Amino acid sequence: MNKLLNVTIEDFRYIQKFVKEISGIHLEEDKTYLIESRLSHIIEGEKFPSFKELIFKLRNENFNGFHQKIIEAMTTNETSFFRDVHPFETFKNFILPEFIEKRKYEKNIKIWSAACSTGQEPYSIAMILNEKFGNVFGWNVNIKASDISAEMISRCKCGSYNCLEISRGLSNDMLERYFSKKENNWIIKDELKNMIDFFQMNLVSEWPFDNKIDVIFMRHVLIYFDIETRKNIMAKIKKIIKPDGYLILGVGETTYNIDEDFECVQIDKTSCYKLKT
């Protein structure tokens, strides 16, 4: 192993504590390799002679762009269009029709995609909503999408995807309708971009929501937090989700033993969560 990237136990403990305090993400004891792989490009880019110099800079400077760069490097940004398929099918075929009927007088629907990474999830939601509401007059359809990473939010707003990203989960019909080709990339059309409010947000900090939300997509996020952080996040969700709203988590994620005020509701092939009545 490259000695420059050799992380000692003491180094690991410091990074583990730093990442937990800032982002809430809990690095398990066997994740030393993850620190080495995720931070290697920063060590090389900053021309640090060893990992010790990176730690020294973190310890001795006030929080700045370098600290944020470390946090962003340690977050996972795995995603794809219509990831796992079934939650989006459930949203389109069951949840949306329910809200179209329930909200037919107020004509408002609010969606939040939390930890949206490079934006494929909120853009997938926007495609579904556009199919449902594109020709319906008077509806206020609002999608919010957040991520801890400023870099990811910048990518989301740009809406540019390479051929590999486009090939994962996107049909030819969707590609032709909602994207335009520019050199080797595909760019989301303004029709969808204008439907989404992208913003940077840390889930363990204050949440900037004024109005309650109908559907929250918080998929493949809770697994990175310890139990106490999960409980705190669920407590926040209870404050912003509507009484009849839906929480959609990732495969294998649950509110069980985290917050008993939620119950699991099986809809088609998707486990959704609602506040108990």
Problem - Test for ASP214: is it touching a Lys or Arg at 6+ places or on another chain (Cβ under 7 Å), buried (at least 18 other Cβ atoms within 10 Å of the Cβ) and outside any loop (DSSP other than H, G, I, E, B) - result: yes
Fill in the blank from the handout: Among (1) surrounded by 15 or more Cβ atoms within 10 Å (Cβ to Cβ); (2) at pLDDT 85 or above, HIS26 falls short only on (2)
Handout entry: Residues that are in contact with a helix residue (DSSP H, G or I) (Cβ under 9 Å, 6 or more places away or on another chain) and either farther than 14 Å from ASP11 by Cα or not in a helix (DSSP H, G or I) (or both), drawn from the stretch 48-63
Key = PHE48, PRO49, SER50, GLU61, PHE63
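Within the stretch 139-186, how many residues are part of a helix (DSSP H, G or I) and aliphatic (A, V, I, L, M)?
Residues that pass the stated criteria total 7.
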Practice task
Just one of (1) in contact (Cβ under 8 Å) with a residue 12 or more places away in the chain; (2) over 24 Å from LYS104 (Cα atoms) trips up ILE213, so point out which.
Solution key: (2)
Completion exercise
Considering residues that are under 19 Å from TYR33 (Cβ atoms) and either touching a Lys or Arg at 6+ places or on another chain (Cβ under 7 Å) or basic (Lys, Arg) (or both), the number found within the stretch 59-86 is 2
Handout entry: the stretch 86-115: number of residues that are at pLDDT 95 or above and not in a helix (DSSP H, G or I)
Key = 5
Exercise for the section: Among the residues of the stretch 225-260, write down those that are under 19 Å from SER205 (Cβ atoms), outside any helix (DSSP H, G or I) and in contact (Cβ under 8 Å) with a residue 60 or more places away in the chain. Expected result: PHE225, ASP226
Practice task
Report whether or not ASP84 is over 30 Å from ASN172 (Cα atoms) and of a type in the set (Asp, Glu).
Solution key: no
Handout entry: Sole residue being surrounded by 18 or more Cβ atoms within 10 Å (Cβ to Cβ), within 24 Å of the chain's Cα centre (by Cα), within 30 Å of ASP244 (Cα to Cα) and outside the structural domain of ILE237 (by TED's automatic domain parsing), chosen from THR118, THR79
Key = THR79
Handout entry: SER167 modelled with pLDDT under 95, at negative phi and among the hydroxyl-bearing types (Ser, Thr, Tyr)
Key = yes
Handout entry: Check on LEU34, in contact (Cβ under 8 Å) with a residue 12 or more places away in the chain, touching a helix residue (DSSP H, G or I) at 6+ places or on another chain (Cβ under 6 Å), under 21 Å from LEU203 (Cβ atoms) and not aromatic (Phe, Trp, Tyr)
Key = no
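A quick yes/no check of all residues on (1) closer than 20 Å to LYS107 by Cα; (2) loosely packed, with under 15 Cβ neighbours inside 10 Å; (3) under 16 Å from the mean Cα position of the chain (by Cα):
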position: ASN194; (1), (2), (3): yes, yes, no
position: LEU222; (1), (2), (3): no, no, yes
position: ILE227; (1), (2), (3): no, yes, no
position: ILE240; (1), (2), (3): yes, no, no
position: PRO243; (1), (2), (3): yes, yes, no
position: LEU249; (1), (2), (3): no, no, yes
Handout entry: Of all residues in the stretch 100-114 being under 23 Å from LYS269 (Cβ atoms) and in contact with an Asp or Glu (Cβ under 6 Å, 6 or more places away or on another chain), the one that is surrounded by the most Cβ atoms within 10 Å (Cβ to Cβ)
Key = SER113
Practice task
May I ask you to verify whether LYS181 is out of contact with any Pro (no Cβ under 9 Å at 6 or more places or on another chain), basic (Lys, Arg) and either touching a residue at least 60 places away in the same chain (Cβ under 8 Å) or farther than 20 Å from ARG83 by Cα (or both)?
Solution key: yes
Problem - So VAL265, is it over 21 Å from ALA126 (Cα atoms), touching a Ser or Thr at 6+ places or on another chain (Cβ under 8 Å) and loosely packed, with under 14 Cβ neighbours inside 10 Å - result: yes
Exercise for the section: Filter the stretch 155-192 down to the residues that are of a type in the set (A, V, I, L, M, F, W, C) and exposed (fewer than 13 other Cβ atoms within 10 Å of the Cβ), then identify the one that is nearest to LEU222 (Cα to Cα). Expected result: LEU164
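The values are calculated or read from the model by the stated rules, or taken from the named source; none is laboratory data. Since the model is a prediction, treat every value here as computed from it, not as a measurement. In this analysis, Cβ positions are derived from the backbone assuming ideal geometry, glycine residues included, and neighbour counts consider all displayed protein chains.
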